[in-house]
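Data first, discussion second: the structure below is written as structure tokens.
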């Protein structure tokens with residue numbers, strides 16, 4: 001089961017990057033607001049990452065996904081792609097990651113406190 005979730009995580013990561021570099025009119029649109037799309041995509045990526053790699057440090061997972069979001073914005077700044085790079089897209093990505101991982105942190109802390 002874990003391998004399936006890991007495959008889903010990497011497939012979702014690849015899909016997110018692919019959609020980010022497609023011309024804006026060719027990229028799929030989930031909702032009409034761009035920031036909500038970023039939030040949804042990175043929330044899903046963070047949840048999948050936490051489930052796929054339960055022993056990983058959540059800070060490392062969160063920082064890596066946030067860096068991935070920043071990378072997307074840097075790539076979107078390439079003029080030939082005809083995309084718009086936006087700092088606030090990265091903020092939406094990072095807030096989504098935090099929102100997805102916070103419950104996991106709380107669960108881990110609760111388990112740790114119960115074991116102590």
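The values are calculated or read from the model by the stated rules, or taken from the named source; none is laboratory data. All figures in this text were calculated on a predicted structure; none of them were measured in a lab. In this analysis, Cβ positions are derived from the backbone assuming ideal geometry, glycine residues included, and neighbour counts consider all displayed protein chains.
Points worth noting:
- Check on residue 56, surrounded by fewer than 19 Cβ atoms within 10 Å (Cβ to Cβ), at pLDDT below 95 and closer than 26 Å to residue 111 by Cβ: yes
- Against the test of being at negative phi, modelled with pLDDT of 95 or more and surrounded by 13 or more Cβ atoms within 10 Å (Cβ to Cβ), the options 12, 27 yield a single qualifying residue, 12.
- For residue 33, the criteria (1) in contact (Cβ under 8 Å) with a residue 24 or more places away in the chain; (2) loosely packed, with under 13 Cβ neighbours inside 10 Å hold in every case but one, which is (1).
Residue-wise test of (1) out of contact with any helix residue (DSSP H, G or I) (no Cβ under 7 Å at 6 or more places or on another chain); (2) part of a helix (DSSP H, G or I).
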{"position": "40", "(1), (2)": "yes, yes"}
{"position": "55", "(1), (2)": "yes, no"}
{"position": "62", "(1), (2)": "no, yes"}
{"position": "74", "(1), (2)": "yes, yes"}
{"position": "88", "(1), (2)": "no, yes"}
{"position": "114", "(1), (2)": "yes, yes"}
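- So residue 23, is it in a loop (DSSP other than H, G, I, E, B), farther than 29 Å from residue 1 by Cβ and more than 13 Å from the chain's Cα centre (by Cα): yes
- Candidates in segment 66-89 are the residues that are surrounded by 19 or more Cβ atoms within 10 Å (Cβ to Cβ) and without any contact (Cβ under 8 Å) to a residue 40 or more places away in the chain; of these, the one that is farthest from residue 43 (Cα to Cα) is 73.
- Every residue from segment 90-108 that is under 14 Å from residue 37 (Cβ atoms) and crowded, with 18+ Cβ neighbours inside 10 Å: 90, 92, 93, 96
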